[in-house]
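Peer 1: Please find one structure pasted underneath; my questions will follow.
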Amino acid sequence: MPTAVLVIGAAVFALGTSEFMLSGLLPEVADDLDVSIPTAGLLISAFAIGMVIGAPVLAAATQRLPRRLTLVVLLAVFGVSHLAGALAPGYGLLFASRVVSALACAGFWAVGAAVAISLVPVDARARAMAVLLGGLSVANIAGVPGGAVLGQHLGWRAAFWAVAALTALGLVGVLLFVPHTRPPSAEERVPLRTELRVYRERRVWLAMVTTALFAAGTFCFFSYLAPLLTEVTGLGEGWVPVVLVLYGFGALVGTWLGGRLADAHLFGTLYAGLAAASVVLALVALTARQPVAAVTLSGVLGLAAFLCGPGLNARIFNVAGAAPTLAGATATASFNAGNTFGPWAGGLVINVGLGYVWTAWLGALLLLAALVGAWLQARDDGRASGAARPGRRVAGGARRAAAPGSAPEPASEATPGTRGSPSAGE
C-alpha cells in the first residue's frame, strides 16, 4: 500500500475514535447532562446524520480544490469541534458539536477514500479500503476503550480533549505524506450532473440499501453495548473497556480478512459476514445474562461485522464508477444512514419497554435484511452477465456490461470467482 493510504488510515483512527467512543460513555454523559441513556444515544445518531449530509455535499463543494488541502481543512474543523464539545455546558451545544464534527468527518472520509482508491489498481480497492477501515478497527481496540477509561476516571470530556490531540497528529501526517495534487481541470472533471446519473441505476441503490441495513443492524446493538453489559449481564463498568477491546480486535481481524477475501470473492465474503453477524447477535440476545457468553460473543461480532466492511465499500465504488467524486460520498452516506437509524431504532425498543436485549434481536433482523440485499445484487449481476454474453457460459461469472462512462468491473464482481494476483505495490 502507498504510504499516503496508510497515513489516511492512521488519521481515520482519530475520526473513528470519536465516532464510536460514545458507545462506551453513554452512562457518564447521561448522568452529567441529566438526560436519559436513549437521549444520550441520539448523540450517536447526530454524528451519523452529519455524516449522511456532509459526505455528498462536501465532496461536491470541494471538487475543484486540491485534495490534500481539503483533507487538512476538514481535519482542522474536526479538531476544533471537539474542543467545543469538551467545553459544552449542556446537551444542546454538545449535540451541535457532534453534527459539525460529523460534517468534517464525512468530508474527510469521502475525499480520503477517493485519494486511497486513486492510488491503487482496481484489483486492490478492497485492500485499500481495508486500510481505512483498519483505522476504525484500531480505534475500537485502543481509542474507544481508552475513551471509556478516561470517561470513567477523568470524566467524559477528557475523551473529547484526547480526540482533539489525535486529530492534530493526523493533520501533521497528512501534510507530510499525502502528495500534493492540483485541482482537476475543467476538461478532466466529470460534471456533477453527469455523476448524479449513477443514482438512476438499481444496482447503485441496492448497494446503498444493503450497506445501510448492515450498519443499522450493527449499531442498533453496539450503541447500547455498555448499558447492556452493566445492567443486563451484571458486569462492573470496568469490564466495558475490556469488552470494547475484544470487539476491536475482532474488528481488526475481520477487516484484514475482508480486505483480502472480498477482492476475489466479494459476494461470498458478504454472505459469510452478514449471516455470521446475524447469528451472533441472536446468540447475544439468548445469552445476555451470562457474562462469559456476552464477553466472548462481543469479540466474535466485531470479526463477523467488519468482515463485510471492505467489500461493501468496494462494491459501491465499482457500481458508481461513473461518479468519481460522489462514489466515496455515496459509500460514507450509506454507512451512516444505517448508523443514524440503528441507534434511533435501538433507543425506540428500549423506550417502549422491551429492554436492551431487544437491540440485539432487532440488529439480527436488520442484518438478515442486508443479506437479502446482497443476494439481490448477486442475482442482478448474474442476469446482466448473461444478457451481455448470451449463450456463453463463463466459470465464476462473466464480466457484466459497464455503465456508460465507468470502467469495466472485475469479473469476480458479478459472482464469487477469482481475480488477478495482488499488485506489486501491496
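The values are calculated or read from the model by the stated rules, or taken from the named source; none is laboratory data. Since the structure is predicted, the reported quantities are computational estimates derived from the model, not experimental observations. Counting neighbours? That spans all protein chains shown, and the Cβs are built from the backbone with ideal geometry, glycine included.
Peer 1: Can you tell which of 232, 243 is in contact with a Phe, Trp or Tyr (Cβ under 7 Å, 6 or more places away or on another chain) and either hydrophobic (A, V, I, L, M, F, W, C) or in contact (Cβ under 8 Å) with a residue 40 or more places away in the chain (or both)?
Peer 2: Just a single option satisfies the conditions, and that option is 232.
Peer 1: Also, quick follow-up: Of all residues in the range 252-269, count the ones that are assigned to a helix (DSSP H, G or I) and out of contact with any Leu (no Cβ under 7 Å at 6 or more places or on another chain).
Peer 2: So the answer is 8.
Peer 1: If you scan the range 222-251, which residues turn out to be small (Gly, Ala, Ser) and under 16 Å from residue 356 (Cα atoms)?
Peer 2: Residues satisfying the conditions are 223, 226, 234.
Peer 1: Which residues, taken from the range 319-360, are more than 17 Å from the chain's Cα centre (by Cα), in a helix (DSSP H, G or I) and buried (at least 24 other Cβ atoms within 10 Å of the Cβ)?
Peer 2: Selection gives 319, 346, 359, 360.
Peer 1: Mind checking which residues of the range 27-73 are of a type outside the set (A, V, I, L, M, F, W, C), out of contact with any Gly (no Cβ under 6 Å at 6 or more places or on another chain), part of a helix (DSSP H, G or I) and over 30 Å from residue 239 (Cβ atoms)?
Peer 2: 50, 56, 67, 68, 70
Peer 1: Something else about it: What single numbered condition from (1) assigned to a helix (DSSP H, G or I); (2) of a type in the set (A, V, I, L, M, F, W, C); (3) under 21 Å from the mean Cα position of the chain (by Cα) fails to hold for residue 120?
Peer 2: In the conditions (1) assigned to a helix (DSSP H, G or I); (2) of a type in the set (A, V, I, L, M, F, W, C); (3) under 21 Å from the mean Cα position of the chain (by Cα), residue 120 misses (1) alone.
Peer 1: Inspect all residues belonging to the range 164-178 and state whether any of them is modelled with pLDDT of 85 or more and within 24 Å of residue 337 (Cβ to Cβ).
Peer 2: No, the range 164-178 has no match at all.
Peer 1: If you scan the range 148-167, which residues turn out to be of a type in the set (Val, Ile, Thr), surrounded by 21 or more Cβ atoms within 10 Å (Cβ to Cβ) and closer than 12 Å to residue 25 by Cβ?
Peer 2: The answer is 163, and nothing else.
Peer 1: Scan the range 261-290 residue by residue and report those that are in contact (Cβ under 8 Å) with a residue 60 or more places away in the chain, β-branched (Val, Ile, Thr) and surrounded by fewer than 24 Cβ atoms within 10 Å (Cβ to Cβ).
Peer 2: Passing the criteria: only 279.
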